[in-house]
Amino acid sequence: MIQQNKEGDDIVNIYTKAGDQGYTSLAKIQNVSKSDDRIHVIGSLDELTSSLGLVKAHETRNEIRTELERIQKNLMTIMAGIADQNNKDYKMKEEETVHLEEEINQIEDLFPRKKEFVLPGDCVESARIDVARTAARRSERLLGVTSLTLLFLLVFVLNVIPAFAPPTWMAMSMFGFAYPDLHPWLVAVVAASAATCGRLLLAHMAQRIVRSCWAQGSMQENLATLADMIERRRAASAVAFLMFAFSPLPSNFLFIAYGLTRAPLWLLAAPFFIGRTISYGLAFEGGSVAFHHFGDMGGGIWVWVYFGATQLVMLGMLYVFAKIDWRATLAARRLRWLHKPLLHSAKPTWLKE
């Protein structure tokens, strides 16, 4: 807030009143809640920077003061990157990470590694450093939890959309590029859990459609035949679903079609979770490797061409799936089509709940 003093000169107050309602701003984003995870992470990193400042203020050796100041500047860059994630100027440089690791290795070589817990407070200097250490560990935890929470929500939303959502493997590759140092299989488990929950909700909505009066009785009976076949051949069905889950092919139409059959959802969910965990882990690792080797992600027009083509193909396959006469096909072991139009009719009595 800018005011004028008695002499008419502009002065800047240390308060603005902009955050009195519990909101603040992040770079180009306005009205961000102060309880936002990003604000918590930035606040924790700010505490770490101040703790290191206290250590630096009591240090007399210039080489150590210079090193502490270098770390503080890197932390400021990290905070700016969290506030404005699209600004490449706020990305940590690889040489800074390498330099810090080399400094840690040199310091560790000077002292024997203790196997027991160390009680803080042997001297004032070490106590100050321990305060900074705990602030660093808290910042690390907050940053990891925030990233994984955002990933879970993003993947869940992508997998609950019936059609034309960006493929999750693409999001995983980009996430690996943005957070290359997270544990790949922890990330994969979180993403696979979110994807499975989203797809199960999609399949459940398809089941509700079959239970409703929207589906013709002959169609319900036809799909029930397919569900019975899936239950009788559980092992083969699970293996087929697992193989599909390993691939980058979109699974939205698979879950919708499976939900239409009203077969047990766990029979699809379990192999899907396993397959997606592995494929997502590989996609994340690919993005992480790309970050460390290239430092920037190139354009991907062909990725979007692939995405649109596969969505259209799978939409056509879903239509074909609903038009197959599964009872006649399984009985004759040859492909048979439904000849009657799928018009509205009442539920058969044997399907009423």
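The values are calculated or read from the model by the stated rules, or taken from the named source; none is laboratory data. Quick caveat: nothing in here was measured; it's all calculated off a predicted structure. FYI the Cβ positions are ideal-geometry reconstructions off the backbone, even for glycines, and counts take in every protein chain you see.
Pairs under 7 Å by beta carbon, first residue outside any helix (DSSP H, G or I) in the range 275-293, partner at pLDDT below 70, six or more apart or different chains?
Pairs found: none.
Among (1) closer than 30 Å to SER251 by Cβ; (2) touching a His at 6+ places or on another chain (Cβ under 7 Å), where does PHE156 come up short?
If we test PHE156 against (1) closer than 30 Å to SER251 by Cβ; (2) touching a His at 6+ places or on another chain (Cβ under 7 Å), just (2) comes out false.
Evaluate the range 39-57: report whether one residue or more is outside any helix (DSSP H, G or I) and assigned by TED's automatic domain parsing to the domain that holds SER139.
No, the range 39-57 has no match at all.
Residue by residue, here is whether (1) under 29 Å from the mean Cα position of the chain (by Cα); (2) without any contact (Cβ under 8 Å) to a residue 24 or more places away in the chain holds:
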{"site": "GLY43", "(1), (2)": "yes, yes"}
{"site": "LYS56", "(1), (2)": "no, yes"}
{"site": "ARG113", "(1), (2)": "no, yes"}
{"site": "ILE129", "(1), (2)": "no, no"}
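Can you report the number of residues in the range 159-189 which are within 20 Å of ILE256 (Cα to Cα), in a helix (DSSP H, G or I) and over 10 Å from the mean Cα position of the chain (by Cα)?
Residues of the range 159-189 that are within 20 Å of ILE256 (Cα to Cα), as a first pass: 159-169.
Within this subset, residues satisfying the condition of being in a helix (DSSP H, G or I) are 159-160, 168-169.
Going one step further and asking which of them are over 10 Å from the mean Cα position of the chain (by Cα), we end up with 159-160, 169.
Qualifying residue count, the range 159-189: 3.
Mind telling me which of the residues GLU102, GLU96, GLU116, GLU140 ends up being in a helix (DSSP H, G or I), charged (D, E, K, R) and farther than 30 Å from MET172 by Cβ?
Checking each option against the conditions leaves just GLU102.
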